[in-house]
């Protein structure tokens with residue numbers, strides 16, 4: 001994810017009135033949000049499902065997964081490796097965010 005995209009996401013969350021915590025290290029910009037209902041990340045939500053998301057142009061990534069919010073039937077993020085399937089930050093359109 002590009003730094004500019006990440007900065008725009010942080011700004012969007014802050015405009016929604018959510019607290020944003022910068023968690024990146026070694027020059028990498030990452031963040032987490034402080035949520036209500038004890039749901040800090042998508043992987044702590046009952047609406048999260050994973051589905052195959054293979055890359056047709058790259059055989060090495062045939063087992064990639066995509067994270068889907070079943071509440072709104074929308075893809076949260078795609079092309080996830082197994083080690084990336086935790087700590088998925090909630091998107092601005094998450095139905096559990098206080099708006």
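Here, each number is a calculation from the coordinates, and none is a lab measurement. Predicted model only: the values in this text are computed from it and were never measured. FYI the Cβ positions are ideal-geometry reconstructions off the backbone, even for glycines, and counts take in every protein chain you see.
Using the alpha-carbon positions of the stretch 47-89, Rg (one decimal) and Dmax (whole number) come out as 10.5, 31 Å. If the segment from residue 55 to residue 12 were pulled out straight at 0.36 nm per residue, it would be longer than the present Cα-Cα gap by 12.5 nm. The label point for residue 46 and the one for residue 72, both projected 7 Å from the Cα toward the Cβ, are 2.0 nm apart.
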